[in-house]
Amino acid sequence: MGKIKIGINGFGRIGRLVARVALQSEDVELVAVNDPFITTEYMTYMFKYDTVHGHWKHSDIKLKDSKTLLFGEKPVTVFGFRNPEEIPWGEAGADYVVESTGVFTDKDKAVGKVLPELNGKLTGMSFRVPTVDVSVVDLTVRLEKAASYEDIKKAIKAASEGPLKGIMGYTEADLVSTDFTGDSRSSIFDAKAGIALNEHFVKLVSWYDNEWGYSNRVVDLIRHIFKTQ
Ligand SMILES: NC(=O)C1=CN([C@@H]2O[C@H](COP(=O)(O)OP(=O)(O)OC[C@H]3O[C@@H](n4cnc5c(N)ncnc54)[C@H](O)[C@@H]3O)[C@@H](O)[C@H]2O)C=CC1
Ligand SMILES: O=C(OP(=O)(O)O)[C@H](O)COP(=O)(O)O
């Protein structure tokens with residue numbers, strides 16, 4: 001089976017990290033990036049030296065010419081269009097495009113679309129804690145069916161080791177926000193941080209690397225689309 005060829009629109013925090021995920025994947029090939037507001041020199045510099053996730057050590061990155069970046073031997077076409085309709089992704093061979101400009105998306109409305117059964121039942125917020133990276137979800141829940149905090153912990157632990165392995169994590173360690181930097185899972189339940197008022201009212205706490213976890217899920221999503229198309 002051929003590789004999944006992707007383009008990335010917007011080469012900021014997420015665009016560059018999706019590129020890192022793709023470049024480390026066997027089955028995904030980065031073929032093009034588009035960003036009208038930064039030069040190829042600046043793209044190279046920002047990609048190489050990421051303050052949060054560290055220096056890129058997997059390959060050399062060079063400018064082949066003003067329209068091509070070389071990641072090791074791998075050429076990646078660079079476009080600079082502001083209007084997404086004008087970007088010639090096809091010319092570069094991109095079959096899937098990651099939208100990571102933040103200009104054309106509306107992610108806050110996505111939960112109810114992805115999980116319609118939660119419409120009207122769930123709202124929430126996550127704290128972008130004052131570190132360069134990592135967020136935390138503080139979920140306060142009123143339960144119709146009684147459950148002790150121990151039961152909840154057991155169910156989440158079982159899911160993290162079973163159907164949600166690699167996506168949901170579970171920890172009883174005494175960790176703090178920066179300990180989750182570089183974790184590719186979407187949510188790591190902090191068993192010691194939650195609290196139950198009674199068997200119908202609980203607060204659950206879960207951490208995630210909002211940059212690296214999200215970027216890994218973007219590439220997982222492309223793999224899913226590729227497989228199911
Ligand atoms: N930073 C994070 O932790 C997360 C961000 N997101 C979402 O990902 C998206 C991108 O966020 P960041 O990477 O943090 O933003 P960013 O500001 O670091 O990067 C955005 C990039 O898009 C470029 N851009 C702006 N207008 C453009 C256009 N018309 N065409 C092409 N490129 C354009 C900018 O030059 C910049 O390089 C947003 O929708 C954000 O909500 C989602 C999850 C986590
Ligand atoms: O840090 C983030 O992730 P989070 O909302 O999951 O904590 C934001 O998605 C960053 O993007 P924003 O600048 O659109 O808020």
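Worth pointing out:
- Greater than 32 Å apart at Cα, pairs in Lys5/Lys113; Lys113/Lys227; Lys5/Lys165; Lys5/Lys203; Lys3/Lys192; Lys48/Lys203: Lys5/Lys203; Lys3/Lys192; Lys48/Lys203
- Taking label points 7 Å from Cα along the Cα-to-Cβ direction, Leu70 and Asp174 give a separation of 5.2 nm.
- If you wrap segment 182-229 in the convex hull of its Cα atoms and look at it from every side, the mean projected area works out to 4.9 nm².
- Exposed-site-free run, longest, the chain (rule: GluC sites (Glu not before Pro); DSSP loop; at most 10 other C-beta within 10 Å): 145-229
- Quotient of Cα Rg and 2.2 N^0.38 Å for the chain, N being how many residues it contains: 1.15
- Measuring gaps between exposed loop sites in the chain (chymotrypsin sites (Phe, Trp or Tyr not before Pro); DSSP loop; at most 11 other Cβ atoms within 10 Å), the longest gap, sites not included, is 105-229.
- Computed over neighbours whose Cβ is under 11 Å from that of Leu175, the net charge equals -4, Lys and Arg +1, Asp and Glu -1.
- Solvent-accessible area per residue, Å², over the chain with all protein chains present [probe radius 1.4 Å]: 60 Å²
- Amide H contacts of Ile8: Ala32, Val33, Asn34, Val98, each under 5 Å away and 5 or more positions distant or on a separate chain (H built 1.01 Å from N in the peptide plane; Pro and chain starts excluded).
- Calculated log₁₀ intensity ratio I(q)/I(0) where the Debye formula runs over C-alpha points of segment 137-229, q = 0.13 Å⁻¹: -0.50
The values are calculated or read from the model by the stated rules, or taken from the named source; none is laboratory data. These numbers were taken from a predicted model, which means no experiment stands behind them. Heads up, the Cβs are rebuilt from the backbone with ideal geometry, glycines too, and the neighbour counts pull from every protein chain shown. Note: accessible area is taken over every heavy atom of the protein model, side chains too, but ligands, DNA and RNA are not part of it. Shrake-Rupley method; radii C 1.70, N 1.55, O 1.52, S 1.80 Å.
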